[in-house]
Amino acid sequence: MVETKHPVLSGGRIEKSVIELSRSYELTAMSFSLLAVLRLMRDLDDVVYVIAHRWRLLYLPTNKVAINLELFERSKWTRKRLKGREVLIWTVNEERYIPKLKEWGVSAVITDRPDLPFRLS
């Protein structure tokens, strides 16, 4: 998984670098930047739109979405809006969230604690 960061001085060149990298490695590209996501989608199949604010849910260009745990957990509307999409949740650092995430059909978690035994399937 490769996340592009914006804004950067190199602008869209970062996406070109990720696309070039994808020729040698199987990868998932993700970004908070809508423009970056749209650029990546032109050449890559596996692109994730990362959402940190509710208003970003108004336009969802990808079938795969990564969203902040608190935003997803506290908003029934958010969960309903993402129904039918592949959902990745960040940042999950406690096992207590796993049963609820399974119930909601979340496909993956992004964590700072890879030592924890997270299992969604």
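The values are calculated or read from the model by the stated rules, or taken from the named source; none is laboratory data. On a predicted model such as this, the values are computed, not experimentally measured, just so you know. FYI the Cβ positions are ideal-geometry reconstructions off the backbone, even for glycines, and counts take in every protein chain you see.
Observations on the structure shown:
- Boolean, Leu58 is hydrophobic (A, V, I, L, M, F, W, C), surrounded by 12 or more Cβ atoms within 10 Å (Cβ to Cβ) and more than 12 Å from the chain's Cα centre (by Cα): no
- Flag if Tyr49 is more than 15 Å from Leu120 (Cβ to Cβ) and exposed (fewer than 12 other Cβ atoms within 10 Å of the Cβ): no
- Pick from region 68-93, criterion more than 17 Å from Leu58 (Cα to Cα) and over 15 Å from the mean Cα position of the chain (by Cα), ranking: surrounded by the fewest Cβ atoms within 10 Å (Cβ to Cβ): Arg74
- Test for Leu44: is it surrounded by 15 or more Cβ atoms within 10 Å (Cβ to Cβ) and either within 17 Å of Ile110 (Cα to Cα) or at pLDDT 95 or above (or both): yes
- Enumerated strands (runs of 3 or more DSSP E) restricted to region 1-93, each holding at least 3 residues that are of a type in the set (A, V, I, L, M) and touching a residue at least 60 places away in the same chain (Cβ under 8 Å): none
- Applying the set (1) in contact with a Ser or Thr (Cβ under 7 Å, 6 or more places away or on another chain); (2) aliphatic (A, V, I, L, M); (3) at pLDDT below 95 to Ile98 leaves exactly one unmet item: (1).
- Leu58 vs. criteria more than 17 Å from Leu82 (Cα to Cα) and aliphatic (A, V, I, L, M): no
- Residue match in region 23-30 (condition: basic (Lys, Arg) and surrounded by fewer than 20 Cβ atoms within 10 Å (Cβ to Cβ)): yes
- Check on Leu101, in contact (Cβ under 8 Å) with a residue 12 or more places away in the chain, crowded, with 17+ Cβ neighbours inside 10 Å and over 30 Å from Ser17 (Cα atoms): yes
- Residues (closer than 17 Å to Val48 by Cα and charged (D, E, K, R)) located in region 68-97: Arg79, Arg81, Lys83, Arg85, Glu86
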